[in-house]
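Q: Quick one: the structure is below, questions incoming.
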Amino acid sequence: MEAKPWKLLIVEDEPELAMGLRDNFEMEGFSVVAAADGEQAVSCAMDEQPDLVLLDVMLPRLSGFEACRELRQRGFSKPIVMLTARSQESDIVTGLELGADDYVTKPFSIRELVARVRAHLRRHTPKAELDRYEFGEISLDFRNYSGTRAGLDLGLSPREFEMLRYLIQHRGEPVTREDLLEHVWGLHDYPITRTVDNHIAKLRQKIEDEPAEPRWIVTLHRSGYKFLG
């Protein structure tokens, strides 16, 4: 069964910015709900139980600070990332002391925002240690780095095993090239992402019936990859 996408609550009273954030996150594979003021934010978060809240500070009815405090008092434990044009240290400290997990000042890069949201979600979504996994005719033993297809050795390299492990742990979720570079290669500056595409192409040659029309590792336009096994 394919995993459900992460659900994101966007709380923003500027319609154009709210629509832009919704479009970008939906394009990245998120399920998005929205609220336009602080009271709606609290109600929607408690009803919808999103995986993360993007919460603007300057909101009508209840400010973002007040909404954050109310959510934490009600037991909402998922990450809250605050969005604001303010950059004073006192505002940042206020948000964090009220229970926010992060603070992003406008204007911001949507790519950076998506990356930070994913980082918080990964930290709050523990993944069970993966020792063995089977899909189709393929059987993988990650402890011993052994993989077979219909009983025949796949000849996977250790890095290919680690790529598969990461993709399988996030099955049904979009995985960016930067995710793979960080968690498989240990790179954080992302000097080049083409190497990921090359490794994926080689991996498909080993696990796909038709590498040009992959069944297990599909490409997501402008995003990265998704494992469907």
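Q: Positive end of the charge dipole of the chain (Lys, Arg +1 and Asp, Glu -1 on Cβ, about the Cα centre): tell me which of GLY151, VAL104, PRO79 has its Cα farthest that way.
A: Of the options given, the answer is GLY151.
Q: Using Cα centres only, tell me the gap between the stretch 60-118 and the stretch 1-53 in whole Å.
A: Between the Cα centres of the stretch 60-118 and the stretch 1-53 lies a distance of 14 Å.
Q: Would you mind getting me the FRET efficiency between THR105 and MET19? Use the beta-carbon distance for r and R0 = 22 Å, nearest 0.05. Could you put the intermediate results ahead of the total?
A: Details: r = 20 Å, r/R0 = 0.93.
Calculated value: 0.60.
Q: Could you list the GluC sites (Glu not before Pro) in the stretch 1-56 that lie in coil according to DSSP, counting only those with at most 11 other Cβ atoms within 10 Å of their Cβ? Provide the component values of the computation, followed by the final result.
A: Values: sites: GLU2, GLU12, GLU16, GLU26, GLU28, GLU39, GLU48; in loops: GLU2, GLU12, GLU28.
The qualifying sites are GLU2.
Q: Now for a different question. Is the stretch 132-227 best put as rounded, prolate or oblate by its Cα gyration tensor, with a ≥ b ≥ c the root eigenvalues, rounded for a/c under 1.5, and otherwise prolate when a/b is larger than b/c, oblate when not? Write out the running numbers ahead of the final one.
A: Working: a/c = 1.82, a/b = 1.43, b/c = 1.28.
Taking the square roots of the gyration eigenvalues as a ≥ b ≥ c, the stretch 132-227 is prolate.
Q: In debye to the nearest 20, how big a dipole does the stretch 132-227 give about its Cα centre with +1 on each Lys and Arg Cβ and -1 on each Asp and Glu Cβ?
A: On the way: 14 positive and 16 negative charges, 6 e Å.
So the magnitude is around 20 debye.
Q: With charges set only on the Cβ (+1 for Lys and Arg, -1 for Asp and Glu), what does the dipole of the chain come to about its Cα centre, in debye to the nearest 20? Before the final figure, lay out each step's value.
A: Working: 30 positive and 40 negative charges, 119 e Å.
Result for the chain is approximately 580 debye, rounded to the nearest 20.
Q: For the chain, what does the helix formula give at 222 nm: sum of -39500 (n - 2.57) over DSSP H segments with n ≥ 4, over the residue count, nearest 500 deg cm²/dmol? Mind dumping the intermediate values first?
A: On the way: 8 runs with 87 residues, N = 229.
The helix contribution divided over the chain gives -11500 deg cm²/dmol.
Q: Also: Which entries in the list LYS106/LYS226; LYS78/LYS226; LYS7/LYS106; LYS4/LYS202; LYS4/LYS226 go over 21 Å, if you measure between the two C-alpha atoms of each?
A: As for pairs spanning more than 21 Å Cα to Cα, those are LYS106/LYS226; LYS78/LYS226; LYS7/LYS106; LYS4/LYS202.
Q: What trypsin sites (Lys or Arg not before Pro) does the stretch 156-225 have in DSSP loop regions with at most 11 other beta carbons within 10 Å?
A: Values: sites: ARG159, ARG165, ARG171, ARG177, ARG194, LYS202, ARG204, LYS206, ARG215, ARG222; in loops: ARG171, ARG215, ARG222.
Counting only loop positions with at most 11 other Cβ atoms within 10 Å, the trypsin sites (Lys or Arg not before Pro) in the stretch 156-225 are ARG222.
Q: In addition: Quickly work out the ARG72-to-HIS221 label distance, labels modelled 7 Å from Cα along the C-beta direction, and quote it in nm with one decimal.
A: It works out to 4.2 nm between the two label points.
Q: Tell me, TYR133, TYR225, TYR145 in order of fewest to most beta-carbon neighbours within 10 Å?
A: Least crowded to most crowded, the residues run TYR145, TYR133, TYR225.
Rule-based calculations on the coordinates, nothing more; no lab input. Everything quoted here is computed from the prediction, not taken from an experiment. Cβ coordinates were reconstructed from backbone atoms using ideal geometry, including for glycine residues, and neighbour counts include every protein chain displayed.
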